[in-house]
Amino acid sequence: MDYYSSHINKLIEQFSRLPGIGTKSAQRIAFHIIHMPKEQVKQMTDAIQEARENVRYCKECFTLTDKELCPICANEKRNHKQIMVVENTRDLAAYEKTGKYEGVYHVLHGAISPMLGIGPDDIRLKELIQRLQGEVDEVIIATNSSLEGETTAMYISKLIKPTGIKVTRIASGVPVGGDLEYIDEVTLLRAFEGRVEL
Ligand code: ZN
């Protein structure tokens, strides 16, 4: 790759570190940026920097947000006694898009995976258990139907069961291994409405 300028090489190297971006895509993006108006490039780099600096975890549900409390946790009209547990902020967004869920969330930021060496302490599980000290009627486990998602669901239900709080699991019908964010709203609603007590 010596035929490129070292600046372009550096750019390609940076982009190829991103998930799902191979060398070819990285090259395409790098050259695209070189040809972009300078003002537009500045807007883009500013947006990246601002997001990285200002986005943080909601102190209640741990979703990514700009404030101490995310808009969902700050909303008094939501049912704070119903907590839906999801793997990531993108899954939360998928449920929010249906517009039908009125409870709040808890974002784990991952799932238990013995194969990848991800244990219960590596996700936001302790924080979930802490939240259950408050008044909670139901915990809805909406982790993915992958092996990791099921393992996590089982682990959580075993932890919560002794507290007497109702634990439910969204219905299957959500394709196995399917990421929640890719599932259409109707399927998502059906999975939610058909949830079963564990
Ligand atoms: Zn929140």
Checklist entry - Which of rounded, prolate, oblate describes region 1-50, given a ≥ b ≥ c as roots of the alpha-carbon gyration tensor eigenvalues and a/c under 1.5 marking rounded, otherwise prolate only if a/b is larger than b/c? => result oblate
Checklist entry - Carbon-plus-sulfur fraction of the accessible area of the chain, 1.4 Å probe, in percent? => result 54
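Are there trypsin sites (Lys or Arg not before Pro) in region 4-50 that DSSP marks as loop and that have at most 14 other Cβ atoms within 10 Å, and which are they?
Arg17
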Checklist entry - Under 5 Å between amide H atoms, partner at least 5 residues away or on a different chain: which partners does Thr63 have, H built in plane at 1.01 Å? => result Cys58, Val107
Next on the checklist: If you average the C-alpha positions of region 68-82 and of region 22-46 separately, how far apart do those two centres end up, in angstrom?
Outcome noted: 38
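Please compute, over every Cα-Cα pair in the chain, the percentage with a separation greater than 26 angstrom.
It works out to 45 percent of all Cα pairs.
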Checklist entry - Tell me, which longest segment in the chain has none of the chymotrypsin sites (Phe, Trp or Tyr not before Pro) that fall in DSSP loops with at most 15 further Cβ atoms within 10 Å? => result 5-198
Item to check | Residue pairs, from the table Lys59/Lys100; Lys100/Lys158; Lys100/Lys161; Lys126/Lys166; Lys42/Lys97, whose Cα atoms sit over 21 Å apart | outcome: Lys59/Lys100; Lys100/Lys158; Lys100/Lys161; Lys42/Lys97
Next on the checklist: Over region 78-192, with the other protein chains present, what is the accessible area per residue in square angstrom, probe 1.4 angstrom?
Outcome noted: 49
Next on the checklist: Need one number: nm distance between label points at Leu159 and Lys126, each 7 Å from Cα along Cα→Cβ, rounded to one decimal.
Outcome noted: 1.1
Checklist entry - Cα to Cα, under 13 Å, and not fewer than 8 places away if on the same chain: which aspartates and glutamates meet these conditions relative to Lys77? => result Glu102
Checklist outcome for this item: Note on region 62-198, DSSP bridge orientation, antiparallel percent to nearest 5 equals 20
Item to check | Nearby lysines by direct alpha-carbon distance to Lys24 (threshold 16 angstrom, same-chain neighbours under 8 apart not counted) | outcome: Lys10
Item to check | Expected 222 nm ellipticity per residue - DSSP helices of 4 or more, -39500 (n - 2.57), all of the chain, to 500 | outcome: -12500 deg cm²/dmol
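Starting from the Kirkwood Rh over alpha-carbon pairs, what translational D in µm² s⁻¹ does region 78-192 have by Stokes-Einstein at 20 °C and 1.002 mPa s? The partial results should precede the final answer.
Values: Rh = 14.1 Å.
Reported coefficient: 152 µm²/s.
The values are calculated or read from the model by the stated rules, or taken from the named source; none is laboratory data. Predicted model only: the values in this text are computed from it and were never measured. With ideal geometry, Cβ positions are generated from the backbone for all residues, glycine too; neighbour counts draw on all protein chains shown. Ligands, DNA and RNA are excluded from the accessible area calculation, which covers all protein heavy atoms including side chains. Shrake-Rupley method; radii C 1.70, N 1.55, O 1.52, S 1.80 Å.
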